[in-house]
Amino acid sequence: MPPAVYAIPLTTRFRGITVREGLLLDGPAGWGEFCPFPEYDDVESGPWLAAAREATELGWPEPVRDRVPVNCIVPAVSPERAQGLVVGSGCGTVKVKVADAAGSLPADLERVAAVRDALGPAGAIRVDANGRWSVDEAVAAIRALDRAAGGLEYVEQPCAELAELAAVRRRVSVRIAADESIRRAEDPLRVAVAGAADVAVLKCAPLGGVRRALAVAQACGLPCVVSSALQTSVGLAAEVALAGALPELEFACGLGTGALLAADVVSAPLTPRDGWLAVLRRPPVPDLAATVAATPDRTRWWLDRLTRVAQRHRARTS
């Protein structure tokens, strides 16, 4: 079948976007999803295509578990909305987006405190700053957020650079997780992350597929959390397959992002139940792709992008 381009509104503004777009590919092993964010250039988009082709041509490695624990995700929303998301999720772990804008710390503190109220004393709270703080800002914010949360599980990517993560890690007692420092590195297999972080966040789409992400997990030598790249259930199934294949899985994974999409391309979306997602052996079939089809101009944009990235890949491997 020809590629299908989708455009799905988000329920809440996330990562600065209100509509998620991408492209679905079909192959002998099933469906794959190619959805690098629009600002990514053709070089950075290459691994996303490799991940989609792995799903369509090879399938995924055998899992070592049938289901994976999942965290609820809370965007930069009001405390009241945050509490509703937590209560409705059924999850025992919550990831809260912080540092969404300059001067947001007071609102972040209120949101985290509201999440703790909704979650109760036994649940785990983690926060994600997407690399937006300086070292000093991170240290002050982490200490304040840790108090508001009644204890944080970890802080994800507080600063942009690996050396900054290491500096923050030396000054706070909360665990530090690395995300962009790994997946946006020139060679994720060679990132010296062990001294800068306590946890590695992996996403198979930007790392080039499940097998490549498993190799990165082994190379970094840290406990790993698998997270979504805000895909539909087709791409999300690959991330769940990665979580299912990791030898050890100490933490809940960031795979509940389907709740951020107003619709999906499959009639049975990958939705957590009581904080868990089942591990699929094959990607789901996007039987509803036509209902969320992109406009003709956006379809052309994505098909042109696919052609460019595929040509670049062929040129590198020939």
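The values are calculated or read from the model by the stated rules, or taken from the named source; none is laboratory data. All figures in this text were calculated on a predicted structure; none of them were measured in a lab. Counting neighbours? That spans all protein chains shown, and the Cβs are built from the backbone with ideal geometry, glycine included. Ligands, DNA and RNA are excluded from the accessible area calculation, which covers all protein heavy atoms including side chains. Shrake-Rupley method; radii C 1.70, N 1.55, O 1.52, S 1.80 Å.
With the condition being small (Gly, Ala, Ser) and open to solvent by less than 10 Å² (accessible area, probe 1.4 Å), I'd like the helices (runs of 4 or more DSSP H) fully within the stretch 170-284 carrying at least 1 qualifying residues.
So the answer is 204-207, 210-220, 233-245.
Note down all Cβ pairs under 6 Å where the first residue falls in the stretch 246-262 and is closer than 17 Å to residue 6 by Cβ and touching a residue at least 60 places away in the same chain (Cβ under 8 Å), the second is hydroxyl-bearing (Ser, Thr, Tyr) and surrounded by 18 or more Cβ atoms within 10 Å (Cβ to Cβ), and they're at least six residues apart or on different chains.
Partner pairs satisfying both residue conditions: 257/228.
Residues in the stretch 18-26: is at least one among the basic types (Lys, Arg) and either part of a strand (DSSP E or B) or within 26 Å of residue 293 (Cβ to Cβ) (or both)?
Checked the stretch 18-26: at least one residue is among the basic types (Lys, Arg) and either part of a strand (DSSP E or B) or within 26 Å of residue 293 (Cβ to Cβ) (or both).
Of all residues in the stretch 143-162, which are in a helix (DSSP H, G or I), open to solvent by 20 Å² or more (accessible area, probe 1.4 Å) and farther than 20 Å from residue 224 by Cα?
Scanning the stretch 143-162 gives 143, 146, 147, 148.
Say whether the condition of being open to solvent by 60 Å² or more (accessible area, probe 1.4 Å) and in a loop (DSSP other than H, G, I, E, B) is met by at least one residue in the stretch 81-88.
No, the stretch 81-88 has no match at all.
Filtering the stretch 113-142 down to residues that are charged (D, E, K, R), in contact (Cβ under 8 Å) with a residue 24 or more places away in the chain and not in a loop (DSSP other than H, G, I, E, B), which residue is most open to solvent (accessible area, probe 1.4 Å)?
Ranking the candidates gives 117 first.
Does the stretch 23-33 hold any residues that are crowded, with 20+ Cβ neighbours inside 10 Å and either out of contact with any Phe, Trp or Tyr (no Cβ under 9 Å at 6 or more places or on another chain) or farther than 14 Å from residue 203 by Cβ (or both), and which are they?
23, 24, 25, 30, 31, 32
Pull out all pairs, ordered by first then second residue, where Cβ-Cβ is under 7 Å, the residues are six or more apart or on different chains, the first lies in the stretch 2-23 and is free of Cβ contacts under 8 Å to residues at least 40 places away in the same chain and polar (S, T, N, Q), and the second is surrounded by fewer than 19 Cβ atoms within 10 Å (Cβ to Cβ) and in a strand (DSSP E or B).
If the second residue must be surrounded by fewer than 19 Cβ atoms within 10 Å (Cβ to Cβ) and in a strand (DSSP E or B), the pairs left are 18/9; 18/10.
Collect the residues in the stretch 195-229 that are over 20 Å from residue 56 (Cβ atoms) and under 10 Å from the mean Cα position of the chain (by Cα), keeping them in residue-number order.
Residues satisfying the conditions are 201, 202, 225, 226, 227.
Check residue 76 against each of (1) hydrophobic (A, V, I, L, M, F, W, C); (2) buried (at least 21 other Cβ atoms within 10 Å of the Cβ); (3) more than 23 Å from residue 279 (Cα to Cα) and name the one condition it does not meet.
(2)
Out of 213, 217, 205, report the one residue that is under 26 Å from residue 280 (Cβ atoms) and in contact (Cβ under 8 Å) with a residue 40 or more places away in the chain.
205
Considering only residues of the stretch 62-73 that are open to solvent by less than 40 Å² (accessible area, probe 1.4 Å) and either at pLDDT 95 or above or more than 20 Å from the chain's Cα centre (by Cα) (or both), which is farthest from residue 87 (Cα to Cα)?
Step by step, filter the stretch 62-73, then rank; the result is 63.
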